Amino acid sequence: QVQLVESGGGLVQPGGSLRLSCATSRSIFSISTMAWYRQAPGKGREFVAITTSSGSTVYADSVKDRFTISRDNATNTVYLQMNSLKSEDTAVYYCAAHGTRNYWGQGTQVAVSS
């Protein structure tokens, strides 16, 4: 049973923007810290950004000032706005919900290339 549904990945040129979305149920969203991770080809999964239920945010140094994580409590959705994309941002991006249980999305591919 899919608990987190991601969308918004694709191919973009360097310097471009993309917005990823991750929708889940209210029962998961309301009690969870929501996060984005990514896994580049041949590398391990790494932390990108996180937002708590109160709206606090933390970012990886590699994406700070370029990416913005936000959450919409009305639609139980978390977003990742990605600006000034670089080739090194190419990866599969995963949404996660951290609470009494951990849930993971299926991943969405982001490719940054000219």
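From the list GLY99, GLY105, which residue is in contact (Cβ under 8 Å) with a residue 24 or more places away in the chain, of a type outside the set (S, T, N, Q) and closer than 20 Å to SER7 by Cβ?
On the way: GLY99 fails: closer than 20 Å to SER7 by Cβ.
Testing whether each residue is in contact (Cβ under 8 Å) with a residue 24 or more places away in the chain, of a type outside the set (S, T, N, Q) and closer than 20 Å to SER7 by Cβ leaves just GLY105.
Could you list, in sequence order, all residues of region 92-107 that are crowded, with 22+ Cβ neighbours inside 10 Å and either closer than 16 Å to ARG19 by Cβ or touching a Lys or Arg at 6+ places or on another chain (Cβ under 9 Å) (or both)?
TYR93, CYS95, GLY105
Give the residues of region 40-58 that are open to solvent by less than 60 Å² (accessible area, probe 1.4 Å) and either under 18 Å from VAL5 (Cα atoms) or not hydroxyl-bearing (Ser, Thr, Tyr) (or both), sorted by residue number.
Within region 40-58, ALA40, GLY44, VAL48, ALA49, ILE50, THR51, GLY55 qualify.
Which condition number does TRP36 fail, the rest of (1) in a strand (DSSP E or B); (2) out of contact with any strand residue (DSSP E or B) (no Cβ under 9 Å at 6 or more places or on another chain); (3) hydrophobic (A, V, I, L, M, F, W, C) being met?
Checking TRP36 against (1) in a strand (DSSP E or B); (2) out of contact with any strand residue (DSSP E or B) (no Cβ under 9 Å at 6 or more places or on another chain); (3) hydrophobic (A, V, I, L, M, F, W, C), the one that fails is (2).
I need a count of the residues in region 57-75 that are modelled with pLDDT under 95 and either more than 14 Å from the chain's Cα centre (by Cα) or closer than 16 Å to ARG38 by Cα (or both).
Qualifying residue count, region 57-75: 3.
Which residues, taken from region 23-64, are touching a residue at least 60 places away in the same chain (Cβ under 8 Å) and among the aromatic types (Phe, Trp, Tyr)?
Once the filter is applied, which keeps residues that are touching a residue at least 60 places away in the same chain (Cβ under 8 Å) and among the aromatic types (Phe, Trp, Tyr), region 23-64 yields PHE29, TRP36.
Would you call ALA49 small (Gly, Ala, Ser) and either within 18 Å of SER21 (Cβ to Cβ) or at pLDDT below 95 (or both)?
Here the answer is yes, as ALA49 does meet what is asked.
Please state which of the following conditions GLY15 fails to meet, knowing it meets all the rest: (1) within 17 Å of VAL78 (Cα to Cα); (2) surrounded by fewer than 14 Cβ atoms within 10 Å (Cβ to Cβ).
So GLY15 meets the others, but not (1).
The values are calculated or read from the model by the stated rules, or taken from the named source; none is laboratory data. Remember, it's a predicted structure, so these values are computed and weren't measured experimentally. As a convention, Cβ positions derive from the backbone with ideal geometry for all residues, glycine included, and neighbour counts pool all protein chains shown. In case anyone asks, the SASA skips ligands and DNA or RNA and just uses the protein heavy atoms, side chains included. Shrake-Rupley method; radii C 1.70, N 1.55, O 1.52, S 1.80 Å.
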